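Read the figures in this text as sums done on the coordinates, not as results from a lab. Just so it is clear, the model here is predicted, and its values are computed rather than measured. Reconstructed Cβ throughout: ideal geometry from the backbone, glycine too, with neighbour counts over all protein chains shown.
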Amino acid sequence: MWGIVVLSCAVTAWFGYLLGDSLGASGARAAGLAAGGLLAMLTDSLMPYAMAKGGALAGVWTVVGFVSSLAVS
């Protein structure tokens, strides 16, 4: 079963590479998608604790911290 999952991921990645190469994509959109996924994961796993401890502005401060880390790097 896992072999099918690995093979389908490899084929999908190859098609994505071909599509991105033909369109001249640079990877910035993929990085943006990954950043959004990271924020979603943080929100799902850490925000309940942050909301309990930090109040209603915990989400705003999460985004401020993420943006500031992007500005520094």
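Kirkwood Rh over alpha-carbon pairs of region 12-52, then Stokes-Einstein at 25 °C and 0.890 mPa s: what D in µm² s⁻¹, rounded to an integer?
On the way: Rh = 12.1 Å.
The estimated diffusion coefficient comes to 202 µm²/s.
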When every alpha-carbon pair in the chain is counted, what percent end up more than 19 Å apart?
-> 56
Highest average packing first - 39-50, 15-26, Cβ atoms within 10 Å | 39-50, 15-26
